[in-house]
Amino acid sequence: MAVLDVTGLSKSFGGLTAVNDVDFHVDEQEIVGLIGPNGAGKTTFFNVITGVYEPSEGKIEFLGTSIAGRLPSQVTKLGIARTFQNIRLFNDMTALENVMVGQHCRMKTNVFSAILRTPRALREEEQVRDKALALLDYVGLKGHPGELAMNLPYGSQRRLEIARAMATDPQLLFLDEPAAGMNPQETEDLMRLIRRIRDEGMTIILIEHDMRLVMGISDRIVVLDHGEKIAEGSPDVVRQDPKVIEAYLGHAVEA
Amino acid sequence: MDYLIQQLLNGLMLGSLYALIAVGYTMVYGIIELINFAFGELFMFGAFISIAMMVDSMAIFGQQVNFPGLHFLLAVPIAMAVVAGMGVAIDRIAYRPLRNAPRLAALISAIGMSILLQNVAQAMFGSSQVFFPDIGMFTSDNGLPKYITVSNAQITYLQIFVVAVTVAAMLILNFFVQRTRIGRAMRAAAQDKSTSALMGVNVNRVIAITFIIGSAMGALAGGMYGAIYHFAKPDMGFIPGLKAFIAAVLGGIGNIPGAFLGGITLGVIESLGSAYISSEYRDAFAFVILILLLIFKPSGLLGSHISEKA
Amino acid sequence: MSIASRIDQRVRGLGWYGAFVIAAVAVAMVLPLVIDSARWLTLLTIVLIYVVLASGLNIVVGFTGLLDLGYVAFYAVGGYYTAILFIQVLETRFGVAVSEVWWLFWVNLLVGGILASIAGAIIGYPTLRLRGDYLAIMTLAFGEIIRIVANNWDAVTRGPSGISVPDPAVAGFVFGDARRLYWLILGLAILSVFLISRVIRSRIGRAWTAIREDEIAAEAMGIHTSRYKLLSYAVGAFFAGVMGVFFAHYLNFVHPSNFKLMESILMVSLVVLGGMGNLIGPIAGAVLWISLQEYLRDFEFIQAHPEVRGIAMGAVLVAMMVLRPQGLLGSRRVALEMRPRTVHQSEQERQAVADVRSR
């Protein structure tokens, strides 16, 4: 069964159509790469699915439930998590706290149980902390739980964002340019991490400009250009698709 | 009917003053997204400095100081120039260092500036009302205001003057923003500060000019307020400042014709409201309008430039 | 494990911070036995009222990062509620002796808080879709409206003549003198700060801080940001409501002039002075500023020049923001709070905020 099934999705801002009639699906434990030149509508596509924008048209089904037009927080609660193209950590919170915030929607403590520190609230807090520590360890940030997010090096910030997203217990993970600004070694490590996450049962969609990464890791690639899907298939097929080459090289080919 | 016309005229006059102060709020918010609470206080200083320029001597910090005793028409432009300088100084001291800080910091700094100026004025001029001299031009020999009669309603020359000056100021301003190079830079900065900086716009200079214009308009309103009500007082600016901000939101924040429309609308509503509903609650009308506005049409009457972007 | 060793472990677990808090509370409790001057006890009582107000306001301003400039309105809600209920309704209307319904004071502390919470949520609601600064304007406006209404609705509030309010009491025991009132407010202050610290150090406080740090990311992490902002307004207002009830009975009077705009600004100043977004900051700010203010009140120069207070307040707000935004007691957390945002907010992101908020 498809984890995510998108049909005829369009999003326009005023007169500008950023995403135009896109069909898209992801199966369980698949890694799908979403590529396309700058301004192709990739991030907008992400944003519509994760609830940041309401779609102008089209259907979005996640595990059989329609999620079009829901708030991002509701989408997250249903099991879709994301990272951001420009890192958006909670800068003045520690790495540990960042990951703990990720578990927010899985927690039940309310104002009253927080005040009373009920055994359940205490237990929950402890479990959340343990899980957060485990996730930091998992993404390779062991030993930095007390560091403020803003003081972490760039590559670690990207990893922390992944840990924070995973803390929401997602079934589907959206990574928006996870390798941006990373050096080759860091990118290598990141590829390994993404594969490992997938192997443990997660489904992943990533936007990426680093072709080596995206071609090396994706099971399937979808190419957007001017808001439309122009190609789809295995990395090898997409790589040779003349439309894709043209989209990337643009008029240089014609000229 | 005549009473209604009279109230409409009062509203129009009051609304003109709101409109002038609203210019500062709307332009500054349009560019640096800051509610500069201090515009209300600059309006107040505009009134005080006008008085100082018009009298022969006046107590400042408890000391009698001699002043030139100029005509209103000379006094107000001087007040506008001084207050414009104050506006730039305020930006330099309290806002520019916080340009990249979270919005909360600049907002707190703004409210601090407002309180600071209000109390500095109190230290300078005392806490009670200071008499604003009659401006002479529109008073007949028997001491009563000159007026013309239109179907039984009396329109004073002063009312005509205030509205005419406001309309003229707005037209000049609109021309300036739409047609001149600096105006273009302003509009570009309002759209996107960092891109316009890349395109060679000196953003800090644009912001300074915005403060100059906004402060000068506030001072102009202050001078005319004094001419109408014959007093100035250190706390006279806070509530009109707040109402002017509401007028700016009403017209669509970031939008200069909107500030005019919003100011006039607010003035008229307030005038009619206190005439026909309750005069005790006259200050509450603006706030009720604000609440309704935020719920039903936050982009304002003419659409704010913020929402245009969105 | 023996009881002694368990206690020992507990004490060790507290650390310096805990030890300091316990010592401070102990000192505060025995203070009235040492000080025998009503003037000083009154000063301390006022300090403690502001400790609670500043701590409550800190929830909204410091932790959630939204400016509330009409906090005094919620204080007024509590004060007028209890005064109207006791005097205008029960005594005047139904002829109930105030001493017979002494227990109502205690109930009112809670009810006043809840009413203020409701008011806070109602005021905050229209601003949820908009930028945070609109909250500042809405609260400012509400603060003014409350005062205008209190001043003019004579039938209910007795307008500018104000309403006299009885002392708090338990059965026949009246909290009438300065010492008893001090102990009472000390108890309320300890309880309030304790409650606030518990909420802040939970999932809820984390959610508020996350909203302050990055609203879009907070929403994406599953925090229903509108709901949590409303919760912040409501919880913040609650403590103002409680203090309003106390204040009315403490002063034995409510009057529109108790609830002026300058009071709201003062409360913001206390939070800013001590340090936003940490628990101790507002307490320190209140202790420092209010003691100084109340102490200076008797000086001739200050009486002749009340504007000195406003000048100092304004200067503190501007100077703190420009020079030391983390406040005097800036914690590690807040020390960095005001650092420039490195993330450039693109058009798209602005749009994103607008889009999410419009739903």
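Overview of results
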{"quantity": "Counted residues, segment C:170-185 - those being in a loop (DSSP other than H, G, I, E, B) and exposed (fewer than 13 other Cβ atoms within 10 Å of the Cβ)", "calculated": "3"}
{"quantity": "Top-ranked residue in segment C:272-311 [being in contact with a Gly (Cβ under 8 Å, 6 or more places away or on another chain) and among the aliphatic types (A, V, I, L, M); ranked as nearest to C:LEU69 (Cα to Cα)]", "calculated": "C:VAL272"}
{"quantity": "Matching option when the condition is more than 30 Å from B:ALA189 (Cα to Cα) and among the hydrophobic types (A, V, I, L, M, F, W, C), among B:LEU34, B:LEU42, B:LEU14, B:LEU20", "calculated": "B:LEU14"}
{"quantity": "Residue check for B:PHE45: closer than 23 Å to C:VAL318 by Cβ, of a type outside the set (Gly, Ala, Ser), surrounded by 24 or more Cβ atoms within 10 Å (Cβ to Cβ) and modelled with pLDDT of 95 or more", "calculated": "yes"}
{"quantity": "Answer from C:ASP68, C:ASP36 - the residue that is charged (D, E, K, R) and touching a residue at least 12 places away in the same chain (Cβ under 8 Å)", "calculated": "C:ASP68"}
{"quantity": "Top-ranked residue of segment A:4-58 - restricted to ones that are farther than 22 Å from A:MET215 by Cβ and of a type in the set (A, V, I, L, M), ranked as nearest to the other protein chains (Cβ to nearest Cβ)", "calculated": "A:VAL52"}
{"quantity": "Test: B:SER194 is within 28 Å of C:LEU261 (Cα to Cα) and free of Cβ contacts under 8 Å to residues at least 40 places away in the same chain", "calculated": "no"}
{"quantity": "The lone exception for B:GLY254 - which of (1) crowded, with 18+ Cβ neighbours inside 10 Å; (2) away from chain C (no Cβ under 11 Å); (3) in a helix (DSSP H, G or I) it fails", "calculated": "(3)"}
{"quantity": "Residue in segment C:191-201 that is touching a residue at least 40 places away in the same chain (Cβ under 8 Å) and more than 12 Å from chain A (Cβ to nearest Cβ) present", "calculated": "yes"}
{"quantity": "Among residues of segment B:130-159, those that are among the small types (Gly, Ala, Ser) and in contact (Cβ under 8 Å) with a residue 24 or more places away in the chain, counted", "calculated": "3"}
{"quantity": "Matching entry among C:LEU195, C:LEU191 (being touching a helix residue (DSSP H, G or I) at 6+ places or on another chain (Cβ under 7 Å), modelled with pLDDT of 90 or more and part of a helix (DSSP H, G or I))", "calculated": "C:LEU195"}
{"quantity": "B:VAL268 farther than 17 Å from B:GLY11 by Cα, of a type outside the set (S, T, N, Q) and at pLDDT 90 or above", "calculated": "no"}
{"quantity": "Qualifying residue in segment C:152-162 (condition: more than 14 Å from chain B (Cβ to nearest Cβ), touching a strand residue (DSSP E or B) at 6+ places or on another chain (Cβ under 7 Å) and touching a residue at least 60 places away in the same chain (Cβ under 8 Å))", "calculated": "yes"}
{"quantity": "Single match in C:VAL316, C:VAL272 (criterion: among the aliphatic types (A, V, I, L, M), within 14 Å of chain B (Cβ to nearest Cβ), surrounded by fewer than 24 Cβ atoms within 10 Å (Cβ to Cβ) and under 30 Å from C:ARG198 (Cα atoms))", "calculated": "C:VAL316"}
{"quantity": "Considering residues of segment B:104-145 that are within 7 Å of another protein chain (Cβ to nearest Cβ) and more than 23 Å from the chain's Cα centre (by Cα) only, the residue surrounded by the fewest Cβ atoms within 10 Å (Cβ to Cβ)", "calculated": "B:ALA105"}
{"quantity": "Residue match in segment B:79-90 (condition: part of a helix (DSSP H, G or I) and within 19 Å of C:LEU323 (Cα to Cα))", "calculated": "yes"}
{"quantity": "Failed condition for A:GLY216, given (1) of a type in the set (Gly, Ala, Ser); (2) on the phi > 0 side of the Ramachandran plot; (3) touching a helix residue (DSSP H, G or I) at 6+ places or on another chain (Cβ under 7 Å)", "calculated": "(2)"}
{"quantity": "Within segment C:121-169, tally of residues that are assigned to a loop (DSSP other than H, G, I, E, B) and over 23 Å from B:TYR281 (Cβ atoms)", "calculated": "9"}
{"quantity": "Selection count, segment B:276-299, where residues are within 7 Å of another protein chain (Cβ to nearest Cβ) and assigned to a helix (DSSP H, G or I)", "calculated": "7"}
{"quantity": "Residue match in segment C:210-226 (condition: free of Cβ contacts under 8 Å to residues at least 60 places away in the same chain, part of a helix (DSSP H, G or I) and touching a Pro at 6+ places or on another chain (Cβ under 6 Å))", "calculated": "yes"}
{"quantity": "Matching residues, segment C:275-296, being closer than 22 Å to C:TRP40 by Cβ and surrounded by fewer than 24 Cβ atoms within 10 Å (Cβ to Cβ)", "calculated": "C:ALA284, C:VAL287, C:LEU288, C:TRP289, C:ILE290, C:SER291, C:LEU292, C:GLN293, C:GLU294, C:TYR295, C:LEU296"}
{"quantity": "Residue selected from segment C:290-311 under the condition touching a residue at least 40 places away in the same chain (Cβ under 8 Å) and away from chain B (no Cβ under 14 Å), by the criterion nearest to C:LEU261 (Cα to Cα)", "calculated": "C:ILE290"}
{"quantity": "B:GLY237, sole failed condition from (1) at pLDDT below 95; (2) surrounded by 24 or more Cβ atoms within 10 Å (Cβ to Cβ); (3) more than 14 Å from chain C (Cβ to nearest Cβ)", "calculated": "(3)"}
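Okay, residues lined up against (1) under 19 Å from C:SER269 (Cα atoms); (2) at pLDDT 85 or above; (3) surrounded by 15 or more Cβ atoms within 10 Å (Cβ to Cβ); (4) of a type outside the set (Lys, Arg):
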site	(1), (2), (3), (4)
C:ALA4	no, no, no, yes
C:ARG10	no, no, no, no
C:ILE49	yes, yes, yes, yes
C:GLY56	yes, yes, yes, yes
C:ASP68	yes, yes, yes, yes
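Conditions (1) of a type in the set (Asp, Glu); (2) in a helix (DSSP H, G or I); (3) within 17 Å of the chain's Cα centre (by Cα), marked per residue:
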residue: A:PHE46; (1), (2), (3): no, yes, yes
residue: A:ILE60; (1), (2), (3): no, no, yes
residue: A:SER73; (1), (2), (3): no, yes, yes
residue: A:LYS77; (1), (2), (3): no, yes, yes
residue: A:ASN86; (1), (2), (3): no, no, yes
residue: A:THR109; (1), (2), (3): no, no, no
residue: A:PHE112; (1), (2), (3): no, yes, no
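The values are calculated or read from the model by the stated rules, or taken from the named source; none is laboratory data. Keep in mind that this is a model prediction, so the values were computed, not measured. Please note: Cβ atoms are built from the backbone with ideal geometry, for glycine as well, and neighbour counts cover all protein chains shown.
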